[in-house]
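Comments concern the structure below.
Nothing in this text is a laboratory measurement; each read-out follows from the coordinates by a stated rule. Remember, predicted model here, so these are calculated numbers, not experimental data. Note that we place each Cβ from the backbone using ideal geometry, even for glycine, and neighbour counts take in every protein chain shown.
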Amino acid sequence: MDILQLQRKAAELRADVLTMITNAGSGHPGGSLSMMEIIVALFYRQMKIDPENPSAEGRDRFVLSKGHAAPALYAVLADKGFIDKREIENFRQLGSCLQGHPDKKKTPGIDASTGSLGQGVAIAGGMALGAKRSGNDCQIYTVVGDGELQEGLVWEAAMAAVHYKLDNLTVIVDNNGLQIDGRNDEVMSLGSIPEKYRAFGFKVFEIDGHDFEQILGALAAVVFNKPKCIVAHTVKGKGVSFMEDKVEWHGKSPSSEQLQQALKELIRDTDK
């Protein structure tokens, strides 16, 4: 896919995310929309994956540390053919393989069950270390929320990643500035995220998280003997005017009328 096709795909998948959350009557639209360009760049251009063989030993791994943003991941997996696209209609329903947070045992294409914040980035580090020690040349990617960085486990994982020189690990921070209780700076200020990761010893890239050229450039950059951190500046609720940068859309289902308004905006984006 070229850049224009990736942009259209992101708009299309945002529509799928909002449709599934509205159908379920619950979910987390804000953080799902903010990370859409990141996950599209990974699954459509960067990662070595095969929907026909989702457990291939040599595949690249993806860990959604901010597991509440599962709708974005489910939309991608359905579009890529890991799961039947009709399954997204059953999001958060009893018996569905698409629950509120990713479940590795239920959903093809999910490499780690996540939900409790801070754990996913540590799991990704463990995967990267295991791959190094077994001679597997796969790459490990994880998306972590900026509010999630308030968890101490994240920094223990960062310390270990640098100690073990995990240059097969890429940590991507979805830096949208908001969390469930408000703005990060008001709840628990994170200071400079890039400076923190540099202090731990990561190679850090700071980008616009909605610019595919910047995302792909940072993902493709080769780093030796240290892990990579991409701090992606994003907008919570990106793509829908009444959701953008609004904390109340962290975990809230649109009404049917709001869904229709959002879909009209996203359809305009696919037509560009």
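Mean residue ellipticity, 222 nm, helices only, the chain: the sum of -39500 (n - 2.57) across DSSP H runs of n ≥ 4, divided by residue count and rounded to 500, is -12500 deg cm²/dmol.
Along its first, second and third principal axes, ordered by size, the range 182-272 spans 51, 35, 14 Å in Cα coordinates. The long axis of helix 3-24 is offset from the longest Cα principal axis of the chain by roughly 60 degrees.
Counting only Cβ charges, +1 for Lys and Arg and -1 for Asp and Glu, the dipole size of the range 203-247 around its Cα centre is about 260 debye.
Counting beta carbons within 10 Å around each of LEU190, LEU73 and listing the fewest first gives the order LEU190, LEU73. Neighbour counts of other Cβ atoms within 10 Å put ASP79, ASP84 in the fewest-to-most order ASP84, ASP79. Report, ordered by chain and residue number, the aspartates and glutamates lying within cross-link reach of LYS246, taken as a straight Cα distance under 16 Å and ignoring same-chain residues fewer than 8 apart. Counting by Cα, and skipping residues close in sequence, LYS246 has these aspartates and glutamates nearby: ASP146, ASP174, ASP181, ASP185, GLU186. Ordered from longest to shortest, the equivalent ellipsoid semi-axes for the range 68-129 are 22, 13, 9 Å, each the square root of 5 times a Cα gyration tensor eigenvalue. A viscosity of 0.890 mPa s and a temperature of 25 °C, combined with the Kirkwood radius over C-alpha pairs in the Stokes-Einstein formula, give the range 21-97 a diffusion coefficient of 185 µm²/s. Modelled spin-label separation between HIS163 and GLU57, with each label point placed 7 Å from Cα along the Cα-to-Cβ direction: 2.9 nm.
Ranked by the mean number of other Cβ atoms within 10 Å per residue, highest first, peptides 124-131, 210-217 order as 124-131, 210-217. Note: the range 110-164, Cα convex hull, 78 Å³ per residue. Computed from the alpha carbon atoms alone, the convex hull of the range 1-57 holds 108 Å³ per residue. Distance from the Cα centroid of the range 222-272 to that of the range 128-177 is 23 Å (rounded to whole angstrom).
Working note: Cα atoms of the range 61-193, range along each principal axis, descending, whole Å: 44, 42, 20. What the Cα convex hull of the range 3-271 gives, in volume per residue, is 110 Å³.
Exceedance of the 29 Å cut-off in Cα-Cα distance is limited, within the set LYS104/LYS236; LYS66/LYS165; LYS106/LYS196; LYS80/LYS104; LYS106/LYS252, to LYS106/LYS196. The alpha carbons of the range 142-223 stretch over 36, 31, 19 Å along the principal axes, in descending order.
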